[in-house]
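These notes concern the structure reproduced below.
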Amino acid sequence: MNETREPVGRRARYVMIPSALLAAALILPTGCRRSSQPSASDAGGSKMEIQNAGSDTMVNLAQAWAETYAEVNHTVAVSVAGGGSGTGIAALLNGSADIANCSRAMKDKEIAKAKQQYSTEPVQHVMGLDALAVYVHKDNPLDQITIGQLGQIYGEDGTMTKWSELGVEAPDGNDDIIRVSRQSNSGTYAYFRETVVAKGKEFKLGSRDLHGSKDVVELVGNTPSAIGYSGMGYATDHVKMLKVARTAGEEAFAPNMQNAVSGNYAVSRPLYMYTLGTPSSHVQAYIEWCLSPAGQKIVEDSGYVPNRK
Amino acid sequence: MWLTMPLLHRPKWKVVGEGLVEWLIRICGVSAVIFVFAIFFFVFWEAKGILFGEDRLDLWKFLTSEEWYPASESNPRYGASALIAGTASVTVLSMLIAVPFGLGAALFISEFCGPRLKEVLKITIELLAAIPSVVWGFIGITIMNQLVMRIFGAPIGLTVLNGAIILALMSVPIIVSIGEDALKAVPDSYREAAIGLGVTRWQMLYRVLLPAAKNGLLAAVLLGVGRAIGETMAVLMCTGHAVNNPFNTTFPFLHPLDSVRTLPATIAAELGETAQGSQHYQVLFVIGLLLFTITFVVNMTADLVVKGIKGK
């Protein structure tokens, strides 16, 4: 009755190939890890580690610091992770990071939590300045924008949804403004909300909430009718940075170093590192090095504004 | 007698060892059940504060409001209906694409192609199932994004349609392999009888095979649906991640060129940031419970449907 059906043995082979692969995949990494573990802990004995986590805006900068510091000081290894300012603070508070990178100041709630858990206050270090740029596609005719217009575009009560309301036509002819924003744990999101959308107000729902500073710029570069905000260090050839004026009628300033330092550019903010109390000496030394002229040179090279005291 | 002798004289360690192995295997078998219950319990435990505690979540609002402002400092609002609509839209559209393709491929592989081609196709389709979802996400962001913008003239390519196509590609292998199994389970006597009556291939397919295998094919579709609802990474990358309800009351009821955000993507994007035990954290676990329930119901239905064929 079943002569033409596949014999069982044949079917079993299909199952066996993937499961054999799976078994190999499971065994191999554990095998490697086991054998490499002693050497890793050996390295830990001679090298001190600094765990540095937080802001996505600062991740490139932190990486550059860590790499250069490895050449300066061979006894310390700095490992850097992104994830957002909130993630960095969470990591600092649960002990998995020594330094939290933050593109916003710590909230009272977070400071209270640190006090309660470690009975010590978090220490703030201002590492530099970031001018948050408003990006549009490179072919977009718009050159400048006011904070009020940005609030109208991004805010929950805002009514501005068309490029024609700004007096321009998007390069692809699509009149709808495509808002690109960030995920809600990002310091950039919180800072932009506070500065542009106004305190206590929320973003208009329906924006594309991307997960990284670079992703925002990339999407805006690919999307002719999009507008987005991100650190000015992330500019590419595919996007244009808008000049920003505080109110209509005032002069608009480009997001660059001079305007950020002079305070003329309205959307710029400090970049912080947080530690719990006074950190151990090698962490302290690292932060001091980052603030030294050599460290601040890297801030400038990464597209941010150095902290000149 | 000589057969039982060696059995009686087995060394003790062999007897004990055998017993141990038997127990080990038994534990392995039961462990899946324990894990499922443990996971459900854990998710429920993390969410229970906001479900039954003092500051309780308004479930009606949670299911009907579109206002998702979990990170608001002044007035956090947890309305998940736009997220539910986002998940539903991507799932429905992806099934509209995947079901015809998947069932068609299953029919072709099972009934129409020769044995050599069959081998090649089956292995290739299994390979399709082995591509990690984050790689699908890359394809969605880089290639599909541009294609959707060019072909459909959409202002932005990260849309329901993009996510649905990627999800369809991911669930087709499941639909094909389970659908093919269902067709294979139709006894050959049915085919022989049909051919003996002189019907064409198409008539045999339409009148004999599809009715006979319909439970199995339905199960294949449902498992594809389960895959689509739960998928996180690819959808997070492809759909634009915007809190937005793509459904409306006028034809065609669904805007495939809108960006949306799905339930699993929301959990993935936001859980990392939330303080453990906070309201937002607990609400994300409520979303987890909701997802768990949906996939549980879908899988259960699929299971019962499959039981249906065996019972006959």
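Rule-based calculations on the coordinates, nothing more; no lab input. Computed from a predicted model, the values in this text were never measured in an experiment. Note: ideal-geometry Cβ built from the backbone for every residue, glycine included; neighbour counts use all protein chains shown.
Just tell me which aspartates and glutamates come within less than 16 Å, Cα to Cα, of A:LYS109; anything on the same chain fewer than 8 places away is out. List returned: A:GLU121, B:GLU73, B:GLU273. Which of the three applies to the range A:131-268, rounded, prolate or oblate, going by the alpha-carbon gyration tensor with a ≥ b ≥ c and a/c under 1.5 meaning rounded? Cα axes put the range A:131-268 in the rounded bin. Give me log10 I(q)/I(0) at q = 0.14 Å⁻¹ for the range B:79-262, Debye formula, one equal scatterer per alpha-carbon, no solvent. Rounded to two decimals, the profile gives -0.79. For trypsin sites (Lys or Arg not before Pro), the sites in the range A:188-243 that DSSP calls loop and that have at most 12 other Cβ atoms within 10 Å are A:LYS199. Centre-to-centre separation between the Cα atoms of the range A:238-291 and those of the range A:111-131: 18 Å. For the range A:235-309, the convex hull drawn through the C-alpha positions has a volume of 129 cubic angstrom per residue. Relative contact order for the range A:131-268: 38 percent, from Cα pairs under 8 Å spaced at least 6 residues apart, divided by residue count.
Of all beta bridges DSSP finds with both residues in the protein assembly as shown, what is the antiparallel percent, to the nearest 5? In the protein assembly as shown, approximately 60 percent of DSSP beta bridges are antiparallel ones. Once a ≥ b ≥ c are taken as the square roots of the eigenvalues of the Cα gyration tensor of chain B, is the result rounded (a/c under 1.5), prolate (a/b larger than b/c) or oblate (a/b not larger than b/c)? Oblate is the answer for chain B, as a/c is 1.5 or above yet b/c matches or exceeds a/b. Across all Cα atoms of the range B:14-151, the radius of gyration (one decimal) and Dmax (whole number) stand at 24.1, 70 Å. Across chain B, the relative contact order, built from alpha-carbon pairs under 8 Å that are at least six residues apart, equals 23 percent. Residue by residue along A:219-225, Cβ atoms of other protein chains within 10 Å of the local Cβ number 4 on average. Mind running the shape call on the range A:55-125? Use the C-alpha gyration tensor, a ≥ b ≥ c as the square roots of the eigenvalues: rounded below 1.5 for a/c, prolate if a/b tops b/c, oblate otherwise. Prolate is the answer for the range A:55-125, as a/c is 1.5 or above and a/b outweighs b/c.
Each 10 Å bin from 0 upward holds the following percent of the Cα-Cα pairs of the range B:233-300: 18, 38, 35, 8, 0. Mean-square fluctuation check for chain B, GNM, Cα pairs under 10 Å: which of B:LYS48, B:LYS184, B:LYS14 is largest? Of the options given, B:LYS14 has the highest mean-square fluctuation.
Over all pairs of different C-alpha atoms in the range B:117-188, the reciprocal of the mean inverse distance, the Kirkwood hydrodynamic radius, equals 13.8 Å. For the residue pairs A:LYS214/B:LYS48; A:LYS204/B:LYS61; A:LYS107/A:LYS162; A:LYS107/B:LYS48; A:LYS47/A:LYS107; B:LYS122/B:LYS214, the alpha carbons lie more than 29 Å apart in A:LYS214/B:LYS48; A:LYS107/A:LYS162; A:LYS47/A:LYS107. When Rg and the Kirkwood radius Rh are both evaluated on Cα atoms of the protein assembly as shown, their ratio Rg/Rh stands at 1.04.
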